Amino acid sequence: MTTATVDERLLRTSLWRKLLARPELGAVMGAVAVFVFFSFAADSFLRVSSLSTVLYAASTLGIMAVPVALLMIGGEFDLSAGVLVTSSALASSMFSYQMTANVWVGVFVSLLVTLGIGVFNGFMLTRTKLPSFIVTLGTFLMLTGLNLGLTKAISGTVQTKSIADMEGFSSAQSVFASEISIGGVDFKITILWWLVLVAFATWILLRTRWGNWIFAVGGNGDAARAVGVPVTKTRIGLYMAVAFGAWISGQHLLFSFSRVQSGEGVGNELIYIVAAVIGGCLITGGYGSAIGSAFGALIFGMVSKGIVFAEWNADWYKFFLGAMLLLATLLNHWVRKRAEATK
């Protein structure tokens, strides 16, 4: 008597098993828990205007958390992501002001400069074979010095000149720093940028060969190269994606205030990484999702504003972030183990 062998791809999978296999499950559970907690802890938390504020805080982190998550799925880090946002804003502001050009010229020059830095990070990583931690730490230090040194040399202070009265400012502000009114409540346009990036990144990961390449490179770069995956191009492309997110965030920073402080952004790169990890990305690469990073950023937004609405001491913010990082990492580890056990 022989037993027929059934292809595992034809086996029916329960909804529970499908959920366990999703990397963002832990972040979704965490987001629900944080939402319920602050709904009781802060009376004003459930107001529509408060939720708008929460979404804005989440979007400013989420715009960067999305490409950082893709990079981490690809098995790499970018410690220069925080100051790169400031570099993007400074490049746009100083070029427009010094050249007395339409601010849109500065915006596109900033895009080229920012993408160039992304290419530099990817190129140095692939050519030197050094860990991304070392390569991007070097870029972080160089950009920190350039931001401060060039701003002082050109503007005479650590802050750029205002470009609010320059041609094209209003139209650029409407693209990067305007508000959209829905039902009488104002929502920042960064929320729309954030949602578009999440949707686009999710489509790339789940529906394109680029997504397969990203997972393959993060899982095992040498094995991926052996089967024809363009590992070098994929890694450079991922760093360019982080640079593109930094460009959007930098333009929002500039057109929100019309000037930029050269020392801003230091330390934010860790927050982007934490948001991605809370969202289900593994430090070792090869696992994660863009949707998870969105929920990770949402948790950040709820905690940062929930503490304010609850009128607690803001010093507790970092404590909550650290606790959430540890809990999310443990939960993601448990979820992945359960998913593997149910296969």
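Some observations on this one:
- Among the listed pairs 161/305; 161/188; 129/161, those beyond 32 Å (Cα-Cα): 129/161
- Each peptide in 280-292, 160-172, 71-83 gets a packing score, the mean of other Cβ atoms within 10 Å over its residues, and the list from highest to lowest is 71-83, 280-292, 160-172.
- The chain: relative contact order as a whole-number percent, Cα under 8 Å and 6+ apart: 36 percent
- Reachable aspartates and glutamates from residue 233, criterion Cα separation under 16 angstrom, eight or more residues apart if same chain: 76, 222
- Degrees between helix 48-73 axis and first principal axis of the chain (Cα, 0 to 90, nearest 10): 70 degrees
- From its DSSP helices (H runs of at least four residues, each -39,500 (n - 2.57)), the chain gives a residue-normalised ellipticity at 222 nm of -24000 deg cm²/dmol.
- Among the listed options [x] 16.7; [y] 19.1; [z] 20.8, the one matching mean projected area of the Cα convex hull in nm² as calculated from these coordinates is [z].
- Surface composition of segment 89-180: carbon and sulfur atoms hold 70% of the protein heavy-atom accessible area at a 1.4 Å probe.
- Residue-span extension gain [residue 310 to residue 323] - 0.36 nm each, minus C-alpha spacing: 2.8 nm
- Peptide ranges 252-258, 27-33 listed from the most packed, as the mean C-beta count within 10 angstrom indicates: 252-258, 27-33
- Inter-label distance, nm, simple model (7 Å from Cα along the C-beta direction), residue 98/residue 171: 2.5 nm
The values are calculated or read from the model by the stated rules, or taken from the named source; none is laboratory data. Everything numeric here is computed off the predicted structure, so don't read it as measured data. With ideal geometry, Cβ positions are generated from the backbone for all residues, glycine too; neighbour counts draw on all protein chains shown. The protein model used for the area step is the full one, side chains on, heavy atoms only, and it has no ligands, DNA or RNA in it. Shrake-Rupley method; radii C 1.70, N 1.55, O 1.52, S 1.80 Å.
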